[in-house]
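Encoded as structure tokens, the structure appears first; notes follow it.
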Amino acid sequence: MYFLNDIERKTLLGRILPSARKVGVSEELRGWNWSDSPLKPLYPDERIPNFLVGSQYCPTARDVFVSKVRGVRGEENNHVRTGSLLHKAVQNVVLSYVDEVGEQSFEAWWEKEGSRTFRSSNNGQEAQANQGWVKSFVETIWSQTSSECKGALMARRSSQPYASEHDVHASALPFLVEHKVDGRLLGLSGLLSVDCYDYLHGIIFDLKYLRPRSTAEPWRRLYCAGYAIALESVYEIPMDLGCVVYISQINGQPTVSRDLFFIGDDLRGWWLEERDKKLEIVAQKKDPGIPNRCYDTCLYTKYCLGEQK
Amino acid sequence: MVREEGKVLYAELPENLRQVIITGHGSISTDALVLLSTYGVDLILIDWKGKVVSRLSAPEMRTVFTRREQYIAYKDSRSGYLAKAFVLAKMKNQKALLGTFAKNRKETDSAAAERITHFKNVIEDLITRLEAFEPASIDTSRPSILGFEGSASSTYWDGIKEVVPEELKFDERSGRGALDPFNSMLNYGYGVLEGETWRAVHYAGLDPYGGFLHADRPGKPSMVLDLMEEFRQQLVDRTVISLASKKVVTSKDFQIEEGFCRLSDEARRALLKELLGKMEEYLAVGEEKMRWCDLILSKSRDVAQYLRGEVNNYNGFYLRW
């Protein structure tokens, strides 16, 4: 998932990096300037998770109000379940190689993780009907990730015969997976979790499970922008590259594509705008109202529409 | 070369110039005019009220195709689409500027910050509504678009009132013939921006008088005024407010003349220096870094490209903070 293909590597080296170096990022938008405007949060006592800042599913951002102000727990659906399992599967496989444990059994993992997810579902019939399909979908991604990691390790070992095993792993798989970072300096949660940070190439990865026929919209880049600014605020080093990894399906076949980009001023400014807007909703307990049209896999649709009646 | 009583005050190669602005008294030789024209340097004269009273530029070098499309577009939905894009960008800049001011005042004056945030939110709501508006040809859509623009502007100036020092006696926005120092500075700044935008519109091959949002009127450069809308806040308003807040310009720099408020030469120079300096500053726009003056030219060319049908859309310029 986190290895770039030839075309992506060319795009990175030939276009994105040169452009990023030339254009640069305004100093005031670097995370380490968290104590000054515009990064300084308007409401320093409020905290919201980065996924709520980036999320544009709800046109009025009522999802923020419902979850953070009303404290409503969203109703899980098959889309969310599948996305969550994909994250866990990729995390599990990559970490097993990073930690030098080696290849793991998918069946054993599914028995523990997958079955439990479906058993705990509050929508039994719908969940059970999808279980077989989800299992096969996740298994394909599992195998693909495993092969990628194995291949990278072999390539590294064969090109650096005197490297220690630790060096081979650290350079072939330069990934901090589910990296925990404290976002409190920016009004974010103290327990942010970055899907993956490639420390050798300086790329922040965010994994997204896309519904069939959905398009890769630009706002999905906001998640990486938020993590980049948060990482800058903690580590005080520039984080300029982001990549959204989309897992979707075409004709039932799992498909992976990557959107690689420069985290420049525009994107940072957009993220700030969203953060301020959403912190205000929380701090002032401001109900932004139910949108005219709800997203069909929104976790809060039933709650909002029930309230509307 | 600029001389005063035989003494050389300033010398510059023409290829290094983009525009010459004459403000105040003096004379210029015909040789200098020819030289400026040869190098494509515009010469503009701005009076003390901020009005562009004269403009000299090199002959039109573009084909007539852009202008022809500009006139045809007036009758179809492209005119409404562009007018909406200009106003939308203007409103987004208004919202961003108020957001910045609110944020900066959160700790020093939280009550003012709350009020500014309220105005910002009203504009945000108007933006959402304008985004949903489907424009037709400008004659049909103008009342609606101007309605949004008017509501947003009146809210915006209510917000700006909160940040202008009291001694400048800013009560409401007034056009040419300002009665208070703050409006007087704004008008002068918009005059400078108009000159720069005019140059951009001219070099993009557009007719400066064939606008969409601003209705046709003899002598009114409607296209220039249309395109200016998205640059007023971040370029002029921000600069004028900054000068006023830092007390670079104070109430002592103004006097009432012919019933209007007139800036002192020092204040005008300070404003001009700041604005022209800003035009040369670089900003990041998408994956490019460009000067403000080049950005205005780039947006003019975007309008021309849209009118010629080379691209399907036009996105107005705005900053998010």
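The values are calculated or read from the model by the stated rules, or taken from the named source; none is laboratory data. What you see is a predicted model; the values in this text were computed from it and never measured. Glycine also receives a Cβ, built like all others from the backbone with ideal geometry; neighbour counts cover every protein chain displayed. Surface accessibility is based on the protein's heavy atoms, side chains included, excluding ligands, DNA and RNA. Shrake-Rupley method; radii C 1.70, N 1.55, O 1.52, S 1.80 Å.
Couple of notes before you dig in:
- P(r) histogram, all alpha-carbon pairs of region A:208-266 included - 10 Å bins from 0, percent: 22, 44, 24, 10, 1
- Taking the average, over residues, of other Cβ atoms within 10 Å as the packing measure, peptides B:223-231, B:236-244 rank B:223-231, B:236-244 from highest down.
- Sequence-distant contacts, meaning Cα pairs under 8 Å at least 6 residues apart, place the relative contact order of chain B at 21 percent.
- Peptide B:120-131 has a mean of 1 when you count, residue by residue, the C-beta atoms of other protein chains within 10 Å of its C-beta.
- With viscosity 0.890 mPa s and temperature 25 °C, the Kirkwood radius over alpha carbon pairs of region B:13-91 converts through Stokes-Einstein to a diffusion coefficient of 157 µm²/s.
- Ranked by the mean number of other Cβ atoms within 10 Å of their residues, highest first, the peptides B:185-192, B:114-121, B:51-58 come out as B:185-192, B:114-121, B:51-58.
- Averaged over peptide A:144-155, the number of partner chain Cβ atoms lying within 10 Å of each residue's Cβ comes to 0.
- From its DSSP helices (H runs of at least four residues, each -39,500 (n - 2.57)), chain B gives a residue-normalised ellipticity at 222 nm of -17000 deg cm²/dmol.
- Other residues whose C-beta falls under 10 angstrom from the C-beta of A:GLY190 contribute a net charge of +2, scoring Lys and Arg +1 and Asp and Glu -1.
- DSSP bridge pairs, the protein assembly as shown: antiparallel proportion in percent, nearest 5: 75 percent
- Computed over the alpha-carbon atoms, the protein assembly as shown gives an Rg to Rh ratio of 1.03, Rh here being the Kirkwood radius from the mean inverse distance.
- Each label point was placed 7 Å from the Cα along the Cα-to-Cβ direction; for B:SER242 and A:ASN5 their separation is 4.6 nm.
- Relative contact order for region B:211-308, counting Cα pairs under 8 Å that sit 6 or more residues apart, in percent: 15 percent
- Hydrodynamic radius of chain B by the Kirkwood approach over all distinct alpha-carbon pairs: 20.7 Å.
- The share of accessible area on the protein assembly as shown that comes from carbon and sulfur is 51 percent, using a 1.4 angstrom probe.
- Compactness of chain A as Cα Rg over 2.2 N^0.38 Å, two decimals: 1.04
- Simple Cβ-charge dipole of the protein assembly as shown, Lys/Arg +1 and Asp/Glu -1, about Cα centre, in debye nearest 20: 860 debye
- Protection-proxy order for peptides A:224-235, A:291-302, A:267-278, each taking the mean of Cβ atoms within 10 Å per residue, highest first: A:224-235, A:267-278, A:291-302
- Membrane-span-like helices in chain A (whole DSSP H runs, Cα extent of at least 18 Å along the helix axis, mean Kyte-Doolittle hydropathy of at least -0.5): A:78-98, A:222-235.
- Applying a length cut-off of 30 Å (Cα extent along the axis) and a mean Kyte-Doolittle floor of -0.5 to the DSSP H helices of chain B leaves B:77-105, B:110-131, B:138-161, B:181-203.
- Cα-only Debye scattering, region A:179-309: base-10 log of I(q)/I(0) at q = 0.10 Å⁻¹: -0.41
- Calculated FRET efficiency for the pair B:VAL64/B:THR38, C-beta based, R₀ 25 Å, to 0.05: 0.60
- FRET efficiency, 1/(1 + (r/R0)^6) with R0 51 Å, evaluated for A:SER19 and B:GLU258 via beta carbons: 0.45
- Based on C-alpha pairs under 8 angstrom that are at least 6 apart in sequence, region A:1-124 has a relative contact order of 14 percent.
- Peptide B:281-290 has a mean of 5 when you count, residue by residue, the C-beta atoms of other protein chains within 10 Å of its C-beta.
- Anchor B:LYS252: lysines whose Cα lies under 28 Å away (excluding residues fewer than 8 positions away in-chain): B:LYS49, B:LYS51, B:LYS161, B:LYS169, B:LYS273, B:LYS278
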